[in-house]
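Read through the structure below, which is laid out as structure tokens, and then see the notes.
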Amino acid sequence: QVHLVESGGGLVQAGGSLRLSCAASGRTFSSYAMGWFRQAPGKEREFVARMSRSGGTTYYVDDVKGRFTIFRDGAKNTVYLQMNSLKPEDTAVYYCAASSGVGPGGKWEYKYWGQGTQVTVSS
């Protein structure tokens with residue numbers, strides 16, 4: 001079991017930056033790949049970024065490449081999402097999630113989810 005708590009969201013002007021944090025407890029999350037997702041009002045949840053168990057590889061959705069960075073601090077059991085050059089289109093509730101691996105069908109399955117943190121980007 002892994003309990004995840006996001007923080008760091010807020011209101012920011014377009015072009016600004018925010019750093020989201022996801023603190024894990026219950027089990028060391030070095031056993032898990034970590035991901036960030038977001039959900040805007042009226043839209044389905046969207047994948048944003050993922051990093052491997054070791055932190056050695058990362059992957060980003062095209063819309064955030066070059067602007068967002070996912071990284072982790074293993075000693076603190078915390079994963080971060082650094083968001084720069086924010087756009088109004090980035091407005092959403094952001095969730096972190098932990099995956100123990102690839103499930104049937106070849107897709108990463110995220111078993112544990114945080115409660116989310118609101119990010120609002122004004123024009």
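The values are calculated or read from the model by the stated rules, or taken from the named source; none is laboratory data. Since this is a predicted model, take the numbers as computed values, not measurements. Note: ideal-geometry Cβ built from the backbone for every residue, glycine included; neighbour counts use all protein chains shown. Accessible surface is based on the protein model in full, side chains and every heavy atom, while ligands, DNA and RNA are left aside. Shrake-Rupley method; radii C 1.70, N 1.55, O 1.52, S 1.80 Å.
Listed values, structure above:
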| item | result |
| --- | --- |
| Flag if Trp113 is more than 20 Å from Val12 (Cβ to Cβ), modelled with pLDDT of 95 or more and either open to solvent by less than 10 Å² (accessible area, probe 1.4 Å) or out of contact with any helix residue (DSSP H, G or I) (no Cβ under 9 Å at 6 or more places or on another chain) (or both) | yes |
| Residue list for segment 84-105, restricted to those being aliphatic (A, V, I, L, M) and under 20 Å from Ala24 (Cα atoms) | Val93, Ala97, Ala98 |
| Tyr59 vs. criteria touching a residue at least 60 places away in the same chain (Cβ under 8 Å), touching a strand residue (DSSP E or B) at 6+ places or on another chain (Cβ under 9 Å) and of a type in the set (Ser, Thr, Tyr) | no |
| Pair list, Cβ < 9 Å and 6+ apart or interchain, from segment 24-46 residues that are at pLDDT 95 or above to residues that are exposed (fewer than 12 other Cβ atoms within 10 Å of the Cβ) | Ala40/Glu89 |
